[in-house]
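A.B. asks: Take a look at this one; I'll ask things after.
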Amino acid sequence: MSTYNMRDFDGSEHDGSDPHAVLRLAERLVERLRIEKPALVPQGEIIRDELLCAAEDGLPANRGRIRFALEAIGIGVAAGGGCLILVQEIGRVLEV
């Protein structure tokens, strides 16, 4: 995974060299999807699982699968909602 800058929702900046930070964002996305849009939970799980495998193996995540899942979620969630904010942040951080 490449190095990236990440700002948490409290406005604090994080060193993006930690792949676990974006994994935590993906976990939060899955939690929010369960509440806001349960039909899209499988797409959130794709993102989380790709990032989890990458973190465990030390290999890059499959950006194509992540991009596809992010786009599906972005289309299916409400504008301005918590899920969309997380989708945009994950996409920005991973540059997909």
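A.B. asks: Which residue out of E50, E45 is over 20 Å from D18 (Cβ atoms), under 11 Å from the mean Cα position of the chain (by Cα) and open to solvent by 20 Å² or more (accessible area, probe 1.4 Å)?
C.D. replies: Values: E50 fails: over 20 Å from D18 (Cβ atoms).
Sole residue among the options that is over 20 Å from D18 (Cβ atoms), under 11 Å from the mean Cα position of the chain (by Cα) and open to solvent by 20 Å² or more (accessible area, probe 1.4 Å): E45.
A.B. asks: Moving on. Scan the range 60-76 and give yes if some residue there is on the phi > 0 side of the Ramachandran plot, acidic (D, E) and open to solvent by 80 Å² or more (accessible area, probe 1.4 Å), otherwise no. Show your work before the answer.
C.D. replies: Just the residues of the range 60-76 that are on the phi > 0 side of the Ramachandran plot, to begin with: none.
No - not one qualifying residue is present in the range 60-76.
A.B. asks: How about the range 53-96: which of its residues are basic (K, R) and over 20 Å from D18 (Cβ atoms)?
C.D. replies: We begin by selecting, within the range 53-96, every residue basic (K, R); these are 63, 65, 67, 92.
Hits for the range 53-96 are R65, R67.
A.B. asks: Same structure, new question: Considering only residues that are crowded, with 16+ Cβ neighbours inside 10 Å, in a helix (DSSP H, G or I) and without any contact (Cβ under 8 Å) to a residue 60 or more places away in the chain, which ones fall in the range 77-90?
C.D. replies: G82, C83, L84, V87
A.B. asks: For the range 14-40, how many residues are under 15 Å from E71 (Cα atoms) and either in contact with a strand residue (DSSP E or B) (Cβ under 6 Å, 6 or more places away or on another chain) or surrounded by fewer than 16 Cβ atoms within 10 Å (Cβ to Cβ) (or both)? I'd like the intermediate steps shown before the answer.
C.D. replies: Within the range 14-40, the first condition is being under 15 Å from E71 (Cα atoms), and the residues that meet it are 26, 29-30, 33, 37, 39-40.
Next, from what is left, pick out any that are either in contact with a strand residue (DSSP E or B) (Cβ under 6 Å, 6 or more places away or on another chain) or surrounded by fewer than 16 Cβ atoms within 10 Å (Cβ to Cβ) (or both): 39.
The qualifying residues number 1.
The values are calculated or read from the model by the stated rules, or taken from the named source; none is laboratory data. Only a predicted model underlies this, so the values are computations on that prediction, with no experimental measurement involved. Ideal geometry is used to build each Cβ from the backbone, glycine not excepted, and the neighbour counts take in all protein chains shown. Surface accessibility is based on the protein's heavy atoms, side chains included, excluding ligands, DNA and RNA. Shrake-Rupley method; radii C 1.70, N 1.55, O 1.52, S 1.80 Å.
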